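What follows is a set of notes on a single structure, which appears directly below.
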Amino acid sequence: MERRQLARQLSAIENGELQVVKTEGLIVAITGPPGVGKSCLVDGILHRLAPKHKVAVLAIDPTSPISGGALLGDRIRLSVLDDAEKSDSIYVRSIATRSSSGSIPSIVSDLANHLLASNFDLVIIETVGAGQSEMRCAAIANRIIVVEGPSRGDGVQAEKAGLLELADLIVVNKSDLEGASKVVNDLTVSLTLTNDAPPIILASATEGVGLDELSEKILSLEERVSSRRARVRQQLLMAHENVLVRNPAFEAIIDRMSEEGLSIEDALREFDE
Amino acid sequence: MGARQRIVIAKPGLDGHDRGAKVVARALRDGGHEVIYTGLRRTPDQIVRTVMDEDARFVGLSSLSGAHSHLFPKVCNLLREAGLDDVVVFGGGIIPEDDRSQLFDAGVRAIFGPGTPSTEILEFVEFASGLNCGVGSPDEWHWGE
Ligand code: B12
Ligand SMILES: Nc1nc2c(ncn2[C@@H]2O[C@H](COP(=O)(O)OP(=O)(O)OP(=O)(O)O)[C@@H](O)[C@H]2O)c(=O)[nH]1
Ligand SMILES: [Mg+2]
């Protein structure tokens with residue numbers, strides 16, 4: 001593979017200039033709150049899988065809604081790129097959500113599929129650590145790893161439930177800090193109610209704890225029945241959203257809603273036509 | 001505002017001064033660009049690899065330690081060797097006037113010192129993106145000529 005050509009192709013896909021066909025292969029999303037250690041864990045995984053496996057990483061960061069610009073900093077954590085023996089079998093691309101275009105998750109799907117078609121064994125997507133785009137990225141992956149960290153004693157929050165439902169594996173990172181094992185306990189308790197609870201790994205990306213296990217598991221993660229259902233739901237929502245967002249009249253209809261008072265019902269009717 | 005560019009901001013060498021690079025990275029983001037920040041202590045090879053993988057059109061180098069005369073031309077040469085001729089190289093930091101013409105000759109298109117307003121850096125990016133002034137271009141233009 002010619003790296004430069006691959007990089008240009010990915011830009012073309014991102015700019016909507018190149019169509020992609022769906023490819024079979026392993027796409028794993030790594031998601032979790034900001035700063036929990038997703039990039040550091042990815043680094044640990046890459047150190048263990050490369051150069052034996054060819055791994056691509058799509059690291060997603062938010063676009064500023066005000067300026068349309070983005071600061072893409074996940075690469076800083078990837079010390080593996082300094083390792084000449086390994087970096088040749090790794091490809092890392094930073095992606096801005098460009099949320100104004102509305103359809104970023106489907107573009108990430110195209111990028112991931114193109115990487116699989118370019119002979120990568122595994123594509124890891126590091127998602128933005130918050131909100132709905134995180135759930136939507138889950139629609140693209142066929143396995144999902146949710147990363148948690150030591151919380152400030154607030155237990156497992158209700159709003160996390162949706163995300164945990166998606167998890168095929170949970171990693172509780174920062175085991176070197178106080179409170180991490182309590183989170184494992186809390187999660188274990190709350191997951192006893194589920195009949196196919198995902199496995200939990202206690203890890204420390206900075207101390208190297210749990211990373212061998214994580215790297216081994218990532219290649220052979222079993223799909224949970226409930227995560228499959230949650231993922232398919234996200235896929236359906238995403239597909240439906242794309243129908244709206246990709247409609248050429250989308251922006252014009254929004255203008256009419258905001259300026260002429262077009263109602264939501266009437267707007268939806270226009271999309272149907 | 002000009003078109004959105006993908007810009008790598010990099011700190012080559014052992015220089016640990018990263019405030020300026022971070023200020024510039026943020027200013028470019030606020031100007032609507034997608035900025036990939038490499039973090040401290042990158043080798044020229046790593047910087048070129050990042051530019052290639054990220055398909056960036058610009059690379060901004062920051063140096064306050066005095067190693068610019070060696071490192072900036074090195075990055076320019078490696079970019080050309082990698083066939084990344086259309087990438088625009090610019091830089092900033094503590095870079096004495098006397099050193100600049102040598103850097104321009106090597107292919108660097110702009111040097112910004114302390115106190116540069118971020119609007120000027122944004123103007124440069126917008127202007128340069130309309131020119132054929134990549135590191136492999138024979139054009140001898142540089143900003144502030
Ligand atoms: C703060 C500082 C430090 C901090 C750095 C903190 C940090 N994380 O950045 C600390 C205390 C750690 C430090 C340490 C050292 N420092 Co010091 N430091 C400074 C100081 C006072 C200010 C630098 C700064 O942050 N400025 C604020 C930022 C925003 O400005 P800036 O970096 O210049 O960036 C602006 C422009 O230059 C430009 N720019 C910069 N990079 C880029 C890149 C691009 C692409 C673009 C477009 C523009 C651009 O845009 C920015 C915004 O306008 C300078 C003196 C000075 N007045 O510059 C000395 C200075 C840079 N340090 C110096 C030295 C020698 C050192 C030390 C070796 C030891 C020492 N004597 O203190 C160590 C080495 C550290 C290391 N590992 O490299 C010397 C360098 C001498 C030289 N080049 O010949 C200076 C010039 C002081 C001096 N007059 O002697 N330092
Ligand atoms: N103590 C401790 N710190 C860690 C661990 N893993 C990561 N960190 C630190 O947590 C901070 C954030 O790490 P990242 O890997 O960038 O986290 P992230 O989840 O990718 O962050 P975003 O991409 O910004 O959402 C860094 O300062 C890391 O050094 C860990 O296991 N223990
Ligand atoms: Mg990250």
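The values are calculated or read from the model by the stated rules, or taken from the named source; none is laboratory data. Since this is a predicted model, take the numbers as computed values, not measurements. For neighbour counting, all protein chains shown are included, and Cβ atoms are generated from backbone atoms with ideal geometry for every residue, glycine included. What goes into the accessible areas is simple: the full protein's heavy atoms, side chains included, and nothing from ligands, DNA or RNA. Shrake-Rupley method; radii C 1.70, N 1.55, O 1.52, S 1.80 Å.
A few remarks follow.
- Conditions (1) part of a loop (DSSP other than H, G, I, E, B); (2) within 23 Å of residue A:35 (Cα to Cα); (3) open to solvent by less than 30 Å² (accessible area, probe 1.4 Å); (4) not acidic (Asp, Glu): number failed by residue A:183: (1)
- Residue A:212, sole failed condition from (1) in contact (Cβ under 8 Å) with a residue 60 or more places away in the chain; (2) open to solvent by less than 70 Å² (accessible area, probe 1.4 Å): (2)
- Selection of first residues in region A:193-209 that are under 23 Å from residue A:78 (Cβ atoms) and among the basic types (Lys, Arg) and of second residues that are away from ligand 2 (no atom under 16 Å from the Cβ) and open to solvent by 60 Å² or more (accessible area, probe 1.4 Å), restricted to Cβ pairs under 6 Å at least 6 apart or on distinct chains, gives an empty result.
- Where helices (runs of 4 or more DSSP H) fall entirely within region A:25-130, those with at least 3 residues that are away from chain B (no Cβ under 13 Å) and away from ligand 2 (no atom under 16 Å from the Cβ) are at A:104-117.
- Of everything in region B:45-65 that is open to solvent by 10 Å² or more (accessible area, probe 1.4 Å) and in contact with a Ser or Thr (Cβ under 8 Å, 6 or more places away or on another chain), the residue that is farthest from ligand 2 (Cβ to nearest atom) is B:57.
- Selection status of residue B:8, of a type outside the set (S, T, N, Q), more than 9 Å from chain A (Cβ to nearest Cβ), away from ligand 2 (no atom under 16 Å from the Cβ) and open to solvent by 20 Å² or more (accessible area, probe 1.4 Å): no
- Any hit, region B:34-53, residues being under 20 Å from residue B:119 (Cβ atoms) and either more than 10 Å from chain A (Cβ to nearest Cβ) or part of a loop (DSSP other than H, G, I, E, B) (or both): no
- Some residue of region A:68-80 being over 21 Å from residue B:45 (Cβ atoms) and under 18 Å from the mean Cα position of the chain (by Cα): yes
- Flag if residue A:25 is more than 16 Å from ligand 3 (Cβ to nearest atom) and open to solvent by less than 30 Å² (accessible area, probe 1.4 Å): no
Yes/no per residue for (1) crowded, with 24+ Cβ neighbours inside 10 Å; (2) within 16 Å of residue B:110 (Cα to Cα); (3) away from ligand 3 (no atom under 16 Å from the Cβ):
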| position | (1), (2), (3) |
| --- | --- |
| B:12 | yes, no, yes |
| B:26 | no, no, yes |
| B:67 | no, no, yes |
| B:88 | yes, yes, yes |
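- Selection within region A:28-83: residues that are surrounded by fewer than 20 Cβ atoms within 10 Å (Cβ to Cβ) and within 16 Å of ligand 1 (Cβ to nearest atom). The member of this set that is nearest to residue B:28 (Cα to Cα) is A:73.
- Residue list for region B:69-86, restricted to those being away from chain A (no Cβ under 14 Å) and open to solvent by 10 Å² or more (accessible area, probe 1.4 Å): B:69, B:70, B:71, B:73, B:74, B:77
- The one condition in (1) under 19 Å from residue B:13 (Cβ atoms); (2) under 11 Å from the mean Cα position of the chain (by Cα); (3) not in a loop (DSSP other than H, G, I, E, B) that residue B:125 fails to fulfil: (1)
- Out of A:136, A:152, one residue alone is among the basic types (Lys, Arg) and modelled with pLDDT under 70. It is A:152.
- The residues of region A:241-273 that are open to solvent by 90 Å² or more (accessible area, probe 1.4 Å) and either at pLDDT below 85 or among the basic types (Lys, Arg) (or both), listed by number, are A:243, A:246, A:248, A:251, A:269, A:272, A:273.
- Each residue in region B:10-58 was checked for being within 19 Å of residue A:91 (Cα to Cα) and touching a residue at least 40 places away in the same chain (Cβ under 8 Å), and 7 pass.
- Any hit, region A:199-206, residues being part of a loop (DSSP other than H, G, I, E, B), more than 26 Å from residue A:106 (Cβ to Cβ) and not small (Gly, Ala, Ser): yes
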